[in-house]
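**Q** Below you will find the structure I want to go over with you.
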Amino acid sequence: MNKSNTGMERSKSGADKRVEMITGDPKRAIRTLSVPMIFSMVLMMAYNLADSIWVAGLGPNALAALGFVSPLFMMVVGLGNGLGAGANSLISRCIGADNKRGSDNAAIHSLILAFVVSILLTILLMVILPTILKVMGVGPAFELAMQYGQIVFGGLIFMILANVASGVLRAEGDVKRPMYAMMATAILNIVLDPIFIYYFGFGVSGAAWATVISSAISATIIMYWLLLKKDTYVSLSRKDFNASWNVVKNILSVGIPASAEFFVMSLLGIFVNMMLVFTGGTEAVAVYTAGWRVVMIAMIPPIGIGTAAITVAGAAYGAKKYDNVLTALNYSVKLAVGIAVLLSLGIFIFASSIATIFSYSAQSAFLAPSIAAFLQIMCLFLITVPMGISASSVFQGMGKGLTSLILTALRELIFILIFAYLLGIGLKFGVHGIWSGIVLGGAIGCLIGYLWALRYVKGLITSYKNNKNSEGAID
């Protein structure tokens, strides 16, 4: 009994320390939370990149098939991330307000939502996948895209559940264990890819099976920590659950807009693919697919730092420490921009070498120069991205999911899409014009997002101080 109590006290102490960390110095909290997050996302991207690298050996059509399914896959992953962001935001705000019971109830609601939504979405995608692919103009890559898509979307429940459960852990400052789970699944996926694709001869389907199996492992590990080990700050027992539509609405008020942000980005990916097919054919999509995987890897530090900012800003907002929200916004931008500059320089210098990773086979060797050119142009895009990511993350942390969605829609569907179409098709600069349009539109949209967030948070600080002064005068 004594040993059990001692163990419980230690675990409680660990949870309390995490809570103290996210409610303390914002700069320290962002650094502490973002490092494991970045590492986790590097691992996740590593196994996504492994798909492209191994599938590239099957030829341009196979690589293009991944490119056509990728926007839809991003929507799926985005839904899980969105619900996870909703859980993260509400739980961290409850923690900041010292509402333990509310954080427990929010965590349970989040997991139930993840299960229900994943089942419904799996059924929907299985029905509409062929139609969507045909509308996208997949052409000769249709059968390969169907093979990959049906298997990946069949394992949707594991991806969404893992993302939401990770969001619950991150809300209380526990980012190491999601990292460990992701590490295990990334290594497993990288090992399984060549086995299923080439040894068993499954081709593109093999890459899909490796993804589903690794996602199932991740979900199982994280749910074990939450449901069975029970050493977290939040409690997930029946007595802690109080069914409430208000809790659901609070989660979805951030979760739906955050998910819609990925939908918007995926929609942009579909439109970009269609423009690329129009200007450069399937080969242009293959170049974009390969190059964009590298861009996404370089975007991991800003995204990881932004994810940390959701927790930190949420806790500060719940505690009405608006100065800390402002610190979280500005520090996350500065930190992410600094890292992005270094990564961009590295990509620009080694673009040709990086391109050969995706063009090692005889069928795809001719793609190397185009992939290298794409990467060098996208270096400018990477430097401005942190402003938009941090702005959206801070708004999500404060529970302003709709504002975050509006910023993303402006950036992706207004500025990027318009400039990509204008330069690529309108002015007939072709594929290079589309790439340049992505850079220009992204820069404008991210700058507007940051200035919007800056103005909003400063308004909160001013309003709070004025109210305090008014109360003091009355007293």
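**Q** On the full set of protein chains, 1.4 Å probe, figure out the accessible area of Glu143 and give it in Å² to the nearest 10.
**A** 120 Å²
**Q** At a 1.4 Å probe, what is the % contribution of carbon and sulfur to the accessible area of the chain?
**A** Carbon and sulfur atoms account for 68 percent of the accessible area of the chain.
**Q** Give me the Debye-computed log₁₀ of I(q)/I(0) at q = 0.08, 0.12, 0.13 Å⁻¹ for the chain, equal point scatterers on Cα only, no solvent, two decimals.
**A** After summing over all Cα pairs, the log10 values are -0.46, -1.03, -1.20.
**Q** Along the charge dipole of the chain, pointing to its positive end and built from +1/-1 on Cβ of Lys, Arg, Asp and Glu, which listed residue (Met75, Leu113, Gly281) has its Cα farthest out?
**A** Looking along the dipole axis, the top candidate is Leu113.
**Q** Counting only C-alpha contacts under 8 Å and six or more residues apart, can you give the relative contact order of the chain as a whole percent?
**A** Reported relative contact order: 23 percent.
**Q** Principal axis extents for region 157-211, Cα atoms only, whole Å, descending order, please.
**A** 44, 20, 9
**Q** Accessible area per residue for the chain in Å², computed with a 1.4 Å probe and the full protein assembly in place, what is it?
**A** Heavy-atom accessible area per residue stands at 41 Å².
**Q** If you don't mind, another one. Rounded, prolate or oblate, given the Cα gyration tensor of region 205-279, with a/c below 1.5 counting as rounded?
**A** In terms of gyration-tensor shape, oblate.
**Q** Only Cα pairs under 8 Å and at least 6 apart count here; give the relative contact order of region 184-271 as a rounded whole percent.
**A** 18 percent
**Q** Using only DSSP helix segments of four residues or longer, with each worth -39500 (n - 2.57), what per-residue ellipticity at 222 nm results for the chain after dividing by its residue count and rounding to 500?
**A** My calculation for the chain gives -29000 deg cm²/dmol from helical runs alone.
**Q** Find out how many positive minus negative residues lie around Leu335, taking Lys and Arg as positive, Asp and Glu as negative, among other residues whose Cβ is under 15 Å from that of Leu335.
**A** It works out to a net charge of +3.
**Q** Could I ask something else about it? Would you please state the base-10 log of I(q)/I(0) at q = 0.14, 0.15, 0.17 1/Å for region 274-423, with intensities from the Debye formula using one equal scatterer on every alpha carbon?
**A** Computed log10 I(q)/I(0) values: -0.76, -0.84, -0.98.
**Q** Here is a further query. Mind listing P(r) for region 101-145? All alpha-carbon pairs, 5 Å bins, whole percents.
**A** Calculated over all Cα pairs of region 101-145, the distribution is 5, 18, 17, 12, 12, 10, 9, 7, 6, 4, 1 percent.
**Q** Determine the distance separating the Cα centre of region 305-359 from the Cα centre of region 180-204; give it in Å without decimals.
**A** 29 Å
**Q** What range in the chain is the longest one free of chymotrypsin sites (Phe, Trp or Tyr not before Pro) that are in a loop by DSSP and have at most 13 other Cβ atoms within 10 angstrom?
**A** The segment 1-199 is the longest one with no such site.
**Q** Tell me the Rg and the Dmax, in Å, that the Cα atoms of region 315-389 produce.
**A** When restricted to Cα atoms, region 315-389 yields Rg and Dmax of 18.4, 60 Å.
**Q** If you don't mind, there's one more thing I want to ask. Determine ³J(HN,Hα), in whole Hz, for all residues of region 424-439 in sequence, where each value follows from phi through the Karplus function 6.51 cos²θ - 1.76 cosθ + 1.60 and θ = phi - 60°; x replaces Gly and Pro.
**A** x, 10, x, 8, 6, 7, x, 4, 5, x, 5, 4, 5, x, 4, 5
**Q** A further question follows. First select every other residue whose beta carbon is under 13 angstrom from the beta carbon of Trp209; then total the charges, Lys and Arg +1, Asp and Glu -1.
**A** -2
The values are calculated or read from the model by the stated rules, or taken from the named source; none is laboratory data. If you're wondering where the values come from, they're calculated on a predicted model, not measured in any experiment. Glycine also receives a Cβ, built like all others from the backbone with ideal geometry; neighbour counts cover every protein chain displayed. Note: accessible area is taken over every heavy atom of the protein model, side chains too, but ligands, DNA and RNA are not part of it. Shrake-Rupley method; radii C 1.70, N 1.55, O 1.52, S 1.80 Å.
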